[in-house]
Amino acid sequence: MGQVVEKIRLRVAEKTTLTAHVVELHLVSEAGELPPVEPGAHVEVTLRNGISRQYSVVPSSSHDEWCVAVLREADSRGGSVYIHDELAVGDVVEATEPRSLFPLEEAPEYLFLAGGIGITPFLSMIEEAERRGRPWNLVYTGKSAETMVYASSLRSRYGQRVLIHETFGRTRMDCARVISAHPRAEVYCCGPTSYIDGVRTAAETAGRKVHIEHFHGDANPQEDDQAFELELVDTGITLTVPAGRTALDVVDDAGVFVLSSCREGTCGTCETPVLSGEIDHRDVVLSPEEKAENSRIMLCVSRAAAGTPRVRIEL
């Protein structure tokens, strides 16, 4: 019913403050060589306090380390605060092998749209676009250049291909104008939900496809959530998932093992085949087309759609 996720023990070799709210960690393996990292890939880091969080791997000058940038979040549930305030050089963390849910597809040209810490996956993507010899442009949005991590180095290295859009005291980025200015480009976007929503709306209006990576899924209960029955066909039991609880929690309570990790709908670890029943998909892993197929569910956040009394899954 599941498999064990192998984790790599990593030591914090360096911790650098990049801005008032972002630190960069250089992580080296205690066992030696690290697996390769695809452009845009992330690793899930498990801290000593038991909290796991996913971070994009940013380019490093050394092949013997992974580098991640961590934003101190105002509504942190313990991950970013622990990293900023307690994690020290020499400490050991665990991480999964790199996983790519935001791959850089082959395209004649790229447009990268980054909001805040959403810049991190694009650092490796830019290097890959350069390696492929493909034209690219980056529009990087944040409150001010001083608070935008890597902004200075990107402008110094790539010049006019990098546009820094500061929002403090200014108007919001005109997403439609930016996208229309690059008609041949494959569009990629990462950032806060409000930023992504603006880009998605502009892209849909223009009839353009946009590749998106979110920070979080919709893990919070909703007022109109209803209880439903969840039939575990392989196990031979049927469980009731009440409003306010996740299917994953209920399955865990029943003693049925499901491989899981983020519990936020962002990693895809708890993906389970659906045999029947319509799903209210709240994850950010499946594409709109995959959600329409209704053949998989992320048990940590998704549930039966309104009017669906029972969902049957392969578990």
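The values are calculated or read from the model by the stated rules, or taken from the named source; none is laboratory data. Computed from a predicted structure; not experimentally measured. In this analysis, Cβ positions are derived from the backbone assuming ideal geometry, glycine residues included, and neighbour counts consider all displayed protein chains.
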query = Does residue 128 satisfy being at pLDDT 95 or above, surrounded by 16 or more Cβ atoms within 10 Å (Cβ to Cβ) and not polar (S, T, N, Q)?
reply = yes
ask   = If we scan the range 64-74, do we find a residue that is farther than 16 Å from residue 212 by Cβ, of a type outside the set (A, V, I, L, M, F, W, C) and touching a Cys at 6+ places or on another chain (Cβ under 7 Å)?
value = no
Whichever residue in the range 12-30 is under 17 Å from residue 48 (Cα atoms), surrounded by 15 or more Cβ atoms within 10 Å (Cβ to Cβ) and in contact (Cβ under 8 Å) with a residue 40 or more places away in the chain and, among such residues, is farthest from the chain's Cα centre (by Cα) = 13
task = Identify, from the list 79, 50, 90, 116, the residue that is assigned by TED's automatic domain parsing to the domain that holds residue 180 and of a type in the set (Gly, Ala, Ser).
result = 116
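State all residues of the range 259-315 that are in contact (Cβ under 8 Å) with a residue 60 or more places away in the chain, farther than 19 Å from residue 228 by Cα and either loosely packed, with under 15 Cβ neighbours inside 10 Å or small (Gly, Ala, Ser) (or both); if no residue qualifies, say none. Give the steps one after another, and end with the answer.
If we filter the range 259-315 for residues that are in contact (Cβ under 8 Å) with a residue 60 or more places away in the chain, which is where we start, we get 259, 261-262, 266-269, 282-285, 298, 300-301, 303-304, 306, 308-315.
Of the ones still in play, those that are also farther than 19 Å from residue 228 by Cα are 259, 261-262, 266-269, 284-285.
Within the range 259-315, 259, 261, 268 qualify.
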ask   = Which numbered condition trips up residue 62, out of (1) assigned to a strand (DSSP E or B); (2) within 23 Å of residue 152 (Cα to Cα); (3) out of contact with any helix residue (DSSP H, G or I) (no Cβ under 7 Å at 6 or more places or on another chain)?
value = (1)
request  = Scan the range 136-160 residue by residue and report those that are surrounded by fewer than 16 Cβ atoms within 10 Å (Cβ to Cβ) and more than 19 Å from residue 192 (Cα to Cα).
outcome  = 152, 153, 156, 157, 158, 159, 160
message = It is to be established whether one or more residues within the range 89-108 are over 19 Å from residue 149 (Cα atoms), of a type outside the set (Ser, Thr, Tyr) and in contact with a helix residue (DSSP H, G or I) (Cβ under 7 Å, 6 or more places away or on another chain).
response = yes
query = When you go through (1) in contact (Cβ under 8 Å) with a residue 60 or more places away in the chain; (2) surrounded by 15 or more Cβ atoms within 10 Å (Cβ to Cβ); (3) not small (Gly, Ala, Ser) one by one for residue 6, which number turns out not to apply?
reply = (2)
key: Any pair with Cβ under 7 angstrom, 6 or more apart, that starts in the range 84-99 at a residue that is of a type in the set (Ser, Thr, Tyr) and ends at one that is assigned to a loop (DSSP other than H, G, I, E, B)   = 96/5; 96/7
query = Going by the conditions given, is residue 139 in contact with a His (Cβ under 9 Å, 6 or more places away or on another chain), of a type in the set (Val, Ile, Thr) and part of a loop (DSSP other than H, G, I, E, B)?
reply = no
inquiry  = Name the residue that is nearest to the chain's Cα centre (by Cα), counting only residues in the range 31-52 that are modelled with pLDDT of 85 or more and part of a strand (DSSP E or B).
reply    = 42
